[in-house]
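A.B. asks: One structure, pasted below without further comment.
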Amino acid sequence: MDQTLLDSTTAARLFKALGDPVRVELVGLVRRTEGQEACFCDLADQFDMPQSSLSHHLKILVQAGVLSRERRGTWSWYRVDNAAIDALAAVLAPGGPLRDASSCC
């Protein structure tokens, strides 16, 4: 498969997952926690929404590969997948599919 197509497909999946302000905020909260890992219980305290809605947002982020999830007893712990962030950076970088090649340095 063409690498540009693969990057574009991956980027579209990631952008779609990050296309909601709540999900962007979730990723930011997880990144800013100590060890860049957050428990669902701590994330739930930050949002005025039902836990089922928050779980839905987290599920979308996990399915897209933006976050990884690990069950520990009763709670789920979330960590940012840096490979997903790196994939977005590559798409946005000069020469990437979203950049005009003529605007490159």
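The values are calculated or read from the model by the stated rules, or taken from the named source; none is laboratory data. For clarity, every value in this text was computed on a predicted model and none was experimentally measured. Neighbour counts run over all protein chains shown; Cβ positions are idealised from the backbone, glycine included. Remember, those area values only see protein heavy atoms, side chains included, never the ligands or the DNA or RNA. Shrake-Rupley method; radii C 1.70, N 1.55, O 1.52, S 1.80 Å.
A.B. asks: With every protein chain present, what is the per residue accessible area of the stretch 1-71 (1.4 Å probe, Å²)?
C.D. replies: With the other protein chains kept in place, the stretch 1-71 gives 62 Å² per residue.
A.B. asks: Can you list the trypsin sites (Lys or Arg not before Pro) in the stretch 31-61 that are in a DSSP coil and have 14 or fewer other beta carbons within 10 angstrom?
C.D. replies: Passing sites in the stretch 31-61 do not exist.
A.B. asks: In whole percent, and with a 1.4 Å probe on the protein chains, what portion of the accessible area of the stretch 47-88 is carbon and sulfur?
C.D. replies: Carbon plus sulfur share of accessible area: 48 percent.
A.B. asks: Principal axes first, then extents: for the Cα atoms of the stretch 1-96, list largest minus smallest coordinate on each axis, whole Å, largest first.
C.D. replies: Its Cα atoms span 42, 24, 21 Å along the three principal axes.
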